[in-house]
Amino acid sequence: MKSPYCWVIAGCALVVLWVTNGLIIPGITAFDPSLLDEFGWSRGTLKFRDLITFALAGLLGPLAGALADRYGVRRFMIIGAALLAVCLVLYGRIQSATHMYLIHTLFAVVLASCGLIVAIMLVSNWFVRHRGTAIGIALVGTSLGGMFFPPFATWLIGEYGWRQAFTWEAAFPLGLLVVLFALVRNRPHDMGLVPYGEKPAAESSAGAPDGAAQTVDTGPPELPGLEFKAALKTGTFWALAFAAMTTFFSILGFQANLFLHLTDLGLTPERSAFGLTLLFGLALIGKFLFGFLADHVHQKGVFLANIAVMLTGAVLLATMELSLLWVAIVLFGLGWGGLYTMIQLLTVDSLGLKAAGKILGTITTFDAIGGGLGIWLTGSIYDWTGSYQAAFTLVAVLIFLALLAATQVKKHVPPAGAG
């Protein structure tokens, strides 16, 4: 039975990423001044929490993906959303850095069980055609979280204080639980449906010899694709992992240091903040735009064009010319958003769904390590040289290498319906 319910699932995945990624990654930064004032920590002590979250989430990714492959993503999303609500309430009661680090350890569990990997797995289960558009819709949630939660948290802190603000924010994962229980199902088969774009078995057997069409529904069909060990033996897996690691080094290193770079150039704090808003806004557009293009143009070609757009922005950025800065931010932001979509889409379409959780989880480990190194090393190069030029030049070189790696991506599973 065909149904538009798959688009409801894509919308649910958007809400999942809006809440989990938005609260944990950009949203938490709004509390930084309050925490520094309250406890007198150094910034290194404070920011060590984010290293814990990124590193542990990356390490947990393959395990979470494998478990979600086996037990279904909905169960893990429910666990993650409930844990996030508890963590936010506890965050408002911390009394030491150790308490904060423990909560960020749990945040990593939330991101592994109710973050990017499981959201992409959920959407991929429901779509054969228009999968790129659907993944793009889901990933818009990460940008919306970055645009919404920091100013909202700032308002809450001003109204209620930072401790009470954390408690109020717990309402969002509690609301997410309602969505998960009411609307989300692991696969279309759970509702008597088929993935969007896949021909139902009853239709495919029409016109078959007598007896051939009289099949018994024995459960969902076996998922297409490579086993995890087989995927690891392909050049495609390692090309995608390398591209993910180098581009996320570049993405997180750039965005984490952009505000400081703009103020170094003499821009006002308000103008510098606009630079971040522009970057996140263009990333949002890029996520949907490149996902949409991937459904209508050759996917590998879209992937290469996507990286080339980001590379152009990085090269302009490395010139350190103020007149080119805003164009660089626009191109970099579009490329950033598109990469979020295209890496997930190319992984699923090239290597299949059979071990998608393990594969996406392993690639996420690489990009988490790359992203963490990018934030630290970009700032460290500035400390060593007194300028971001060398760091931004490194970013451009790494994106160029990612472009070369992307040319090695090949499809290892037949198109849906083939054979």
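The values are calculated or read from the model by the stated rules, or taken from the named source; none is laboratory data. Quick caveat, the model's predicted, so the values are computed rather than measured. Quick reminder, even Gly has a Cβ in these numbers, built from the backbone with ideal geometry, and neighbours come from all protein chains shown.
Suppose the filter is modelled with pLDDT of 90 or more, crowded, with 20+ Cβ neighbours inside 10 Å, touching a Ser or Thr at 6+ places or on another chain (Cβ under 6 Å) and not in a loop (DSSP other than H, G, I, E, B); does Leu240 pass it?
So Leu240 fits the description; yes.
Quick check: is even one residue across region 336-359 part of a helix (DSSP H, G or I), in contact (Cβ under 8 Å) with a residue 60 or more places away in the chain, farther than 29 Å from Asn186 by Cβ and not polar (S, T, N, Q)?
yes
Output the qualifying pairs, or none if there are none: Cβ atoms under 7 angstrom, residues six or more apart or on different chains, first residue in region 24-35 and farther than 16 Å from Gln164 by Cβ, second residue of a type in the set (Val, Ile, Thr).
What qualifies is Ile24/Thr53; Ile24/Val110.
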